[in-house]
């Protein structure tokens, strides 16, 4: 399932990526303390990410186990280069029920936060 998520994101088919999420998916953002819950809450975030992240590319995949998978990515936001991971957790049917994103360095994370605030209500 994560390969499908990777393919969807790499081809900028965010709607296909959203379709892989469970209705009650939990999204842990690197910017806010509390997780976003539900596909309807996460969908606008993923749509904004494809606009905000420039030159986005996955550079590695790390298989954690049957229910977890890590995708390592690089991108730019403005003049800031960033590196991060998407930690995907799958439910029993293979759908993504938890997505955790981590980004470094701090200056790039701050640029992401600023750009995302402009895209999201």
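Read the figures in this text as sums done on the coordinates, not as results from a lab. Being a predicted model, the structure only gives us computed values, none of them experimental. Every residue, glycine as well, gets a Cβ built from its backbone with ideal geometry; the counts of neighbours run over all protein chains shown.
Miscellaneous remarks
- Those residues of segment 11-26 which are closer than 17 Å to residue 37 by Cβ and touching a residue at least 24 places away in the same chain (Cβ under 8 Å), in sequence order: 18, 20, 21, 22, 24, 25, 26
- Members of segment 30-51 that are in contact with a strand residue (DSSP E or B) (Cβ under 6 Å, 6 or more places away or on another chain) and in contact (Cβ under 8 Å) with a residue 40 or more places away in the chain: 30, 42
- Among the residues of segment 93-104, those identified as touching a residue at least 24 places away in the same chain (Cβ under 8 Å) and over 14 Å from the mean Cα position of the chain (by Cα) are 94, 95.
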